[in-house]
Amino acid sequence: MLTLLVMGPAGSGKTSFSNSFGKWLESENYSVCYVNLDPGAEVLPFIPSFDVREIVTTKAMMEQGGLGPNGALIKAAEIIEENIGQILRKMKPFKADYVIVDTPGQMEIFLFRKLGSIFCDGIEGRKACAFIMDPSSLPKKSDVIALKLLNLVIELRLGVPSLELINKIDLFGNRERAAFLEPLEYRQPEDGLRGELTSSILETISKLEKKKRAVLTSAITGEGFRAVLSSLGELFCSCGDLT
Ligand SMILES: Nc1nc2c(ncn2[C@@H]2O[C@H](COP(=O)(O)OP(=O)(O)O)[C@@H](O)[C@H]2O)c(=O)[nH]1
Ligand SMILES: [Mg+2]
């Protein structure tokens, strides 16, 4: 069993990917359980085996607590944190090849509070993250570096290996796809502070991120899903050739 935490900035496609990758795995004869950890989710495309909205919703926090959207989200995260033991107990009996966990729309409540780390620490067995990126936010070298750093922050905060997925690739042509995969060293350097930071951070990132490849995916067409599956396998195979 592998628990896959689907993470990424708001709107990058976490919920869509959770659903379509899960359905694709099912079509490949794997068993899949879905978990929703987003208290702000309105409609889900999958039927979750556990849904955090049983415990709290952002909407209820706004209506009953008289809070604004951000306050309601923080309050909801606090309530989830208080109930983490119960959530993990409910997930414990899950028997599936893959447990796909869709995380909160605003990833900071999962990543920069204790919620993400206590959740991950409590999950038994193999676990990995899929870090979903929206390529429209990647035009410059420094943008890619910022997201790569965020992916390392995921590994640092959660202690779980994380794959980079460049999603919504159906919206891009061949030339742009090739550019997304081009080594960062070849990208146009930037001027000033941004340029300096970019080159020194890049050196550090290259040492830290091992030889993981970013995978181009589409939650709409299913492109790249087989490559995601084999990259997940490689994360747990010390003999894997990641070059
Ligand atoms: N074209 C395209 N749109 C996508 C893809 N994945 C998600 N979207 C759209 O992006 C928007 C945000 O997706 P959602 O899954 O709700 O993002 P989340 O906030 O990260 O959970 C929705 O309108 C989706 O239909 C994709 O692979 N291709
Ligand atoms: Mg979502």
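Worth a mention:
- For the chain, the longest principal axis of the alpha carbon atoms and the long axis of helix 14-27 meet at an angle near 90°.
- Rounded tilt (10° steps) of 69-82 against the dominant C-alpha axis of the chain: 70 degrees
- Unit charges on C-beta of K, R, D, E only; dipole of the chain, Debye: 280 debye
- The stretch between S27 and L152, if pulled fully straight at 0.36 nm per residue, gains 41.8 nm over its current Cα-Cα span.
- To the nearest ten degrees, helix 192-208 and the longest principal axis of the Cα atoms of the chain are 70 degrees apart.
- Inter-probe distance in nm under a simple model that places probes 7 Å from Cα toward Cβ, at L88 and D143: 3.9 nm
- Under 5 Å from the amide H of L216 lie the amide H atoms of I166, each residue being 5 or more positions distant or on a separate chain, with H modelled from the backbone and absent for Pro and chain starts.
- Cα-based Rg / Dmax (Å) for the range 60-199: 18.6, 54
- Each part gets one Cα centre, and for the range 119-181 versus the range 1-63 those centres are 18 Å apart.
- Remark: relative contact order (the range 2-235) = 25 percent; criterion is Cα-Cα distance under 8 angstrom and separation of 6 or more residues.
- Residues whose placed amide H lies under 5 Å from that of V99, excluding near-sequence neighbours: L2, T3, L4, C33
- Extending 7 Å from Cα along the Cβ direction at N174 and again at F236 yields two label points whose distance is 3.7 nm.
- A straight chain from I201 to I220 at 0.36 nm per residue would run longer than the Cα-Cα distance by 3.5 nm.
- Among the trypsin sites (Lys or Arg not before Pro) in the range 57-119, those located in a DSSP loop and surrounded by at most 11 other Cβ atoms within 10 Å of their own Cβ are K95.
Bear in mind that the values in this text are calculations on the coordinates, not laboratory data. In this text, all values refer to a predicted model and were calculated from it rather than measured experimentally. Every residue, glycine as well, gets a Cβ built from its backbone with ideal geometry; the counts of neighbours run over all protein chains shown.
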